[in-house]
Amino acid sequence: NNFSPVLQSLKRHELSIWKFAMIATKSFSIGMQTRVRQARLLRQHLIGQDIPTIICGDLNDVSGSKTLHLLQGKSMRNAWWDKGVGRGTSLRVLGMPFRLDHVIYSEGIVIDDIYVGSSRMSDHYPLVCKFHLS
């Protein structure tokens with residue numbers, strides 16, 4: 001989304017709220033289109049693969065988004081919905097909680113645990129998972 005530089009400009013009062021909203025909207029739209037394209041490519045790659053698969057990371061998208069829907073398809077599961085507790089906030093923006101990090105897994109894998117880690121190696125907190133093969 002390239003959101004951080006725009007947000008920092010707003011915090012330093014270099015941008016009006018109106019200009020910030022215009023830039024952020026355009027940036028979100030471009031980011032969403034890019035993530036959907038990438039999700040389609042990854043999903044195509046996975047078609048016909050019969051191996052246990054985990055897709056995880058900072059996807060910069062919320063649950064229910066088109067990106068997550070494409071990645072999960074009909075055969076993959078969202079680890080947070082299966083074993084997570086609470087919101088699973090991995091990022092706060094302007095005080096609002098978001099879970100933009102996700103772990104999606106296929107059949108043949110069983111999730112034992114998932115939680116939001118405390119280490120902050122980026123602007124997000126990581127989701128930490130424990131799995132085993134079924």
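The values are calculated or read from the model by the stated rules, or taken from the named source; none is laboratory data. Being a predicted model, the structure only gives us computed values, none of them experimental. Virtual Cβ from ideal backbone geometry, glycine too; neighbours counted across all protein chains shown. Remember, those area values only see protein heavy atoms, side chains included, never the ligands or the DNA or RNA. Shrake-Rupley method; radii C 1.70, N 1.55, O 1.52, S 1.80 Å.
Picking from Arg37, Arg77, Arg120, which is most flexible by a Gaussian network model of the chain using Cα springs under 10 Å?
Maximum fluctuation in the GNM of the chain, among the listed residues, is at Arg120.
Most mobile of Ile47, Ile109, Ile55 per a Gaussian network model of the chain (Cα springs, under 10 Å)?
Ile47
Solvent-accessible area per residue for the chain at a 1.4 Å probe radius, Å²?
Values: 8760 Å² over 134 residues.
With all protein chains present, the chain gives 65 Å² per residue.
Which net charge results for the neighbourhood of Ile23, defined as the other residues with beta-carbon distances under 15 angstrom from its beta-carbon, given Lys and Arg at +1 and Asp and Glu at -1? It would help to have the intermediate numbers written out before the result.
Values: positive: Lys11, Arg12, Lys19, Lys26; negative: Glu14.
Neighbourhood net charge equals +3.
Once both axes come from the Cα atoms, what is the angle between helix 17-46 and the longest principal axis of the chain, in degrees from 0 to 90, rounded to 10?
Here the helix axis deviates by roughly 20 degrees.
How high is the relative contact order of the chain, in percent, counting Cα pairs under 8 Å that sit 6 or more residues apart?
20 percent
Pulled fully out, how much extra length does the chain show between Asp50 and Lys19, if you take 0.36 nm times their separation in residues and subtract their Cα-Cα distance? It would help to have the intermediate numbers written out before the result.
On the way: separation 31, 0.36 × 31 = 11.16 nm, distance 4.81 nm.
Full extension from Asp50 to Lys19 adds 6.3 nm.
Which percent of the accessible area of the stretch 1-113 is formed by carbon and sulfur heavy atoms (probe 1.4 angstrom)? Don't jump to the answer; show the numbers that get you there.
Working: 4200 of 7210 Å².
Percent of accessible area from carbon and sulfur atoms in the stretch 1-113: 58.
For the chain, set up a GNM with springs between Cα atoms under 10 Å and report which of Ala79, Ala39, Ala21 has the largest fluctuation.
Ala21
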